[in-house]
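Let me begin by presenting the structure, written as structure tokens, before commenting on it.
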Amino acid sequence: MHVAVFAFPFGCHALALINLVQKLARAAQETQFSFLNTEKSNNSIFSASITSLPDNIKTYNVADGVPQSHVFSGDPIERVELFIKETPKNFKMTLETAVAETGQEISCLIADAFLSFSGSIAECLSIPWIPVWIPVPHSLSTHIYTDMIRQHYANSLGYGCSNSCGDGHDVELEEKTLEIPGLSELHIADLPVEVLPRDAQETPFSCLLGQIGNMVLKADTLVVNSYQELYPEPLLNDLKSKFSNLLNVGFISLSMPPPSLPPSTEDTTGCLSWLDSQKSKTVAYISFGTVVNIPRSEIEELAEALEESRIPFLWSLRENIQDCLPNGFLERTIMHGKVVPWAPQTQVLAHSSTGVFMTHCGANSVYESIANGVPMICRPFFADNKLNARLVADVWRIGERIDGGVFTKTGVARSLDLILQHEQGRRIRSRVQALKELVLKASAPGGHATQAFKTLVEKMTLV
Ligand code: UDP
């Protein structure tokens with residue numbers, strides 16, 4: 001058996017996928033895996049997070065589409081669009097190399113569901129195609145129903161008129177819940193801009209997302225980076241009706257149960273030993289993922305609130321943004337706070353001193369918080385952040401949106417106080433703890449996620 005795996009090399013997609021492939025490679029040791037990803041993304045996942053791979057995984061670099069001596073404009077989407085233009089040619093060529101090097105034809109193609117073209121490649125090769133959905137399942141449905149969403153809301157959002165969603169924002173309308181199968185808990189305002197009706201021309205990225213919905217429905221088996229226990233029933237039923245095998249294999253980037261903390265000798269950032277010196281469930285851990293750039297004014301407000309409230313905090317803030325902190329902030333807060341350019345987030349969230357996670361609601365951050373039973377304060381910024389914040393605050397009710405929607409000194413202080421000191425905070429904490437127990441149970445032998453993973457191994461190795 002020779003399984004090819006196609007990664008989407010942006011955000012945390014490729015890291016999640018290689019984690020799944022590692023689990024599969026350990027479960028199917030006779031199977032050879034070829035992992036195809038761009039060089040930049042391979043370098044980043046294999047230097048930062050993964051130091052060794054099982055012997056039956058070989059990695060390949062696909063062309064990223066960036067012309068030699070290209071000068072980037074600074075817009076992060078530019079790299080994505082160059083890559084999209086290079087597909088599927090780059091993957092097809094590298095696939096030939098993988099076949100030639102291993103001497104084995106491909107028997108199954110597993111691919112990030114963002115790479116819709118992979119379905120056609122599998123069809124040409126007459127082999128099974130197994131797409132993997134990395135973001136939350138609700139967002140898959142927004143792509144499956146993009147046409148319906150656009151038809152339904154184009155008129156009411158005033159597209160073509162001056163007060164469209166693009167500028168005017170009809171706030172009342174945007175706060176209406178969606179009349180779309182399985183998505184009634186979401187509001188129009190939660191939808192990523194790419195699935196909304198658009199006056200603007202399609203971009204390569206919006207086209208890529210637009211193709212997901214149609215193509216993914218051709219798959220017989222879909223792997224989802226989630227637990228069926230996290231779906232509302234209508235969404236689960238709707239997606240189950242569309243795939244013969246909807247395999248919710250659990251959080252693919254995480255070990256469940258989370259491993260125990262490493263000894264402090266491995267604590268290169270000093271975050272864990274600093275947490276050791278704090279009281280149980282008192283620390284606010286703050287991080288906004290790998291992409292978001294928070295406006296300077298909000299960093300200042302957040303910093304002032306942390307300084308004044310004297311709540312213990314651990315803040316992962318990229319080095320290039322640290323100069324937005326108020327003058328002297330680091331010195332003045334040294335007794336109750338720590339700022340680092342990078343934190344071992346999953347271990348920080350697993351630490352008993354961590355009491356709350358202030359997050360932008362990237363899917364990985366939300367999943368890591370659930371896996372460790374930590375309540376969240378949400379300040380969503382872009383992409384699926386708003387949709388995830390809706391799930392956290394209003395559907396699972398395991399966190400709160402930041403008071404006022406953006407960071408203000410009083411809003412931050414109020415939100416932290418609510419989670420760390422009040423009865424409402426205690427209720428939120430017990431709900432997230434209950435959700436943690438639920439996903440642990442699903443990951444145990446005989447649990448739904450364990451069963452789904454076994455089915456995936458069977459489907460993947462089916463001759
Ligand atoms: N992360 C980390 N340390 C940090 C900041 C982020 O380990 O200091 C990891 C975090 O654990 C998560 C990922 O980076 O797995 C961020 O992914 P997410 O989907 O939350 O956000 P994105 O970066 O894609 O917006």
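Looking at Val366, Val374 in this structure, which one is at pLDDT 95 or above and in a helix (DSSP H, G or I)?
Values: Val374 fails: in a helix (DSSP H, G or I).
After applying the criteria, what remains is Val366.
If Tyr60 passes every condition in (1) open to solvent by 50 Å² or more (accessible area, probe 1.4 Å); (2) assigned to a strand (DSSP E or B) but one, which one does it miss?
Status for Tyr60: all satisfied but (1).
Would you check which residues across segment 66-85 are modelled with pLDDT of 90 or more and within 24 Å of the chain's Cα centre (by Cα) and list them?
Taking segment 66-85 first, the residues modelled with pLDDT of 90 or more are 66-72, 78-85.
Answer for segment 66-85, where residues must be modelled with pLDDT of 90 or more and within 24 Å of the chain's Cα centre (by Cα): Glu78, Arg79, Val80, Glu81, Leu82, Phe83, Ile84, Lys85.
Out of everything in segment 68-83 that is within 17 Å of Glu39 (Cβ to Cβ) and assigned to a helix (DSSP H, G or I), what residue ends up being most open to solvent (accessible area, probe 1.4 Å)?
Arg79
The rows are residues; the columns are (1) without any contact (Cβ under 8 Å) to a residue 60 or more places away in the chain; (2) closer than 30 Å to Ile77 by Cα; (3) open to solvent by 10 Å² or more (accessible area, probe 1.4 Å); (4) away from the ligand (no atom under 16 Å from the Cβ).
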position	(1), (2), (3), (4)
Pro257	no, no, yes, yes
Ser287	no, yes, no, no
Thr290	no, yes, yes, no
Ile294	no, yes, yes, no
Glu304	no, no, yes, yes
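Could you tell me which residue of segment 322-346 is least open to solvent (accessible area, probe 1.4 Å), considering only residues that are within 12 Å of the ligand (Cβ to nearest atom) and among the β-branched types (Val, Ile, Thr)?
The selected residue is Val340.
For segment 159-206, give me each residue that is among the polar types (S, T, N, Q) and either at pLDDT 80 or above or open to solvent by 20 Å² or more (accessible area, probe 1.4 Å) (or both).
Within segment 159-206, the subset among the polar types (S, T, N, Q) is 162-164, 177, 184, 201, 203, 206.
Result: Ser162, Asn163, Thr177, Ser184, Gln201, Thr203, Ser206.
Take the residues in segment 364-395 that are among the aromatic types (Phe, Trp, Tyr) and open to solvent by 20 Å² or more (accessible area, probe 1.4 Å); name whichever of them is farthest from Gly11 (Cα to Cα).
Filtering segment 364-395 down to residues among the aromatic types (Phe, Trp, Tyr) leaves 367, 381-382.
In the following step, the residues that additionally are open to solvent by 20 Å² or more (accessible area, probe 1.4 Å) were identified as 381-382.
Details: Phe381: 14, Phe382: 12 Å.
Here the residue is Phe381.
Among (1) over 23 Å from Gly250 (Cα atoms); (2) without any contact (Cβ under 8 Å) to a residue 40 or more places away in the chain; (3) buried (at least 22 other Cβ atoms within 10 Å of the Cβ), where does Cys361 come up short?
Status for Cys361: all satisfied but (1).
Is it fair to say Asn61 is of a type in the set (S, T, N, Q), in the same structural domain as Phe117 (by the TED database) and under 21 Å from Ser253 (Cβ atoms)? Working first, answer last.
Working: of a type in the set (S, T, N, Q): yes; in the same structural domain as Phe117 (by the TED database): yes; under 21 Å from Ser253 (Cβ atoms): no.
Here the answer is no, as Asn61 does not meet what is asked.
Quick check on segment 328-346. Is at least one of its residues among the β-branched types (Val, Ile, Thr) and within 21 Å of the chain's Cα centre (by Cα)?
Filtering segment 328-346 down to residues among the β-branched types (Val, Ile, Thr) leaves 333-334, 339-340, 346.
When the remaining residues are screened for being within 21 Å of the chain's Cα centre (by Cα), the result is 346.
Yes - at least one qualifying residue is present in segment 328-346.
Does segment 347-363 hold any residues that are in a strand (DSSP E or B) and within 8 Å of the ligand (Cβ to nearest atom), and which are they?
We begin by selecting, within segment 347-363, every residue in a strand (DSSP E or B); these are 354-359.
Once the filter is applied, which keeps residues that are in a strand (DSSP E or B) and within 8 Å of the ligand (Cβ to nearest atom), segment 347-363 yields only Thr359.
Run down Ala7, Ala63 and say which single residue is closer than 26 Å to Gly289 by Cβ and either in contact (Cβ under 8 Å) with a residue 24 or more places away in the chain or within 16 Å of the ligand (Cβ to nearest atom) (or both).
On the way: Ala63 fails: closer than 26 Å to Gly289 by Cβ.
Result of the check over Ala7, Ala63: Ala7.
The values are calculated or read from the model by the stated rules, or taken from the named source; none is laboratory data. Keep in mind that what you see is a predicted model, and the values were worked out from it rather than measured. In this analysis, Cβ positions are derived from the backbone assuming ideal geometry, glycine residues included, and neighbour counts consider all displayed protein chains. Remember, those area values only see protein heavy atoms, side chains included, never the ligands or the DNA or RNA. Shrake-Rupley method; radii C 1.70, N 1.55, O 1.52, S 1.80 Å.
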